[in-house]
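What follows is a short report on a single structure.
The values are calculated or read from the model by the stated rules, or taken from the named source; none is laboratory data. The structure presented is a predicted model; accordingly, all values stated were derived computationally and were not measured. Positions of Cβ are backbone-derived with ideal geometry, glycine not excepted, and every protein chain shown enters the neighbour counts.
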Amino acid sequence: MNENLLDKEISIGSRDILVTRTDHAGIINYGNDAFLRISGYSANETIGENHNFIRHPDMPKVIFHLMWKSIKKRKNITAIVKNRAKDGSYYWVITDFKTQEDYSGAIKDHIAYRRAVSKSALEVIEPLYKTLLKIEKESGVNASIIYLNRYLAERELDYNTFIAQLNKKIPFTEVWSKKIKTLFS
């Protein structure tokens, strides 16, 4: 995929919800129209690819470490992520995850729901992520994990709560679950 980077941000509309579904190993098996439009890829270019092909190099690995740690435990995590589009431009999203199980209870798929990130959240996240990335380059991912844990402990927050407060929105999966529950109550 495209290794060129452009210093050009793609704007995500407030009504856009970018959805992808991956298998348990992170291989994409579905991307909705909004995801394809924003990322610039066709369905044929994404299906069968590992989801990390859209990872922007400005993203610290510690965030993906947290995400996969939660996802593998079947817990939602809300994360702010900078992704790379096909043309090398970038887009920021806030992402929630939903795990689907097969009839035996084994993980079948992970569904990621992404939406626009507030500018005020990015004002906090961008410098934090730059610091985490610098620490990773100088001292490794474990040092970055330690820094992030201290950063959050100073604020008496876990990462999910920190992100929710920054973006001042309830995680999409929480809203979706509540709507489904009300339909069947």
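So here's what we get for this one:
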quantity: Complete set of residues in region 20-41 that are of a type in the set (A, V, I, L, M, F, W, C), crowded, with 17+ Cβ neighbours inside 10 Å and assigned to a strand (DSSP E or B); calculated: I28
quantity: Output for region 50-104, where each listed residue is of a type in the set (G, A, S) and in contact with a strand residue (DSSP E or B) (Cβ under 9 Å, 6 or more places away or on another chain); calculated: S70, A79, A85, S89
quantity: Failed item in (1) modelled with pLDDT under 95; (2) touching a His at 6+ places or on another chain (Cβ under 6 Å), with T95 passing the rest; calculated: (2)
quantity: Residues satisfying the stated conditions in region 91-125, i.e. exposed (fewer than 14 other Cβ atoms within 10 Å of the Cβ) and either within 17 Å of Y159 (Cβ to Cβ) or in contact with a Leu (Cβ under 8 Å, 6 or more places away or on another chain) (or both); calculated: S120
quantity: Count of region 150-168 residues which are assigned to a helix (DSSP H, G or I) and surrounded by 14 or more Cβ atoms within 10 Å (Cβ to Cβ); calculated: 9
quantity: Residue in region 44-90 that is surrounded by the most Cβ atoms within 10 Å (Cβ to Cβ), counting only those that are modelled with pLDDT of 95 or more and within 17 Å of H24 (Cβ to Cβ); calculated: E49
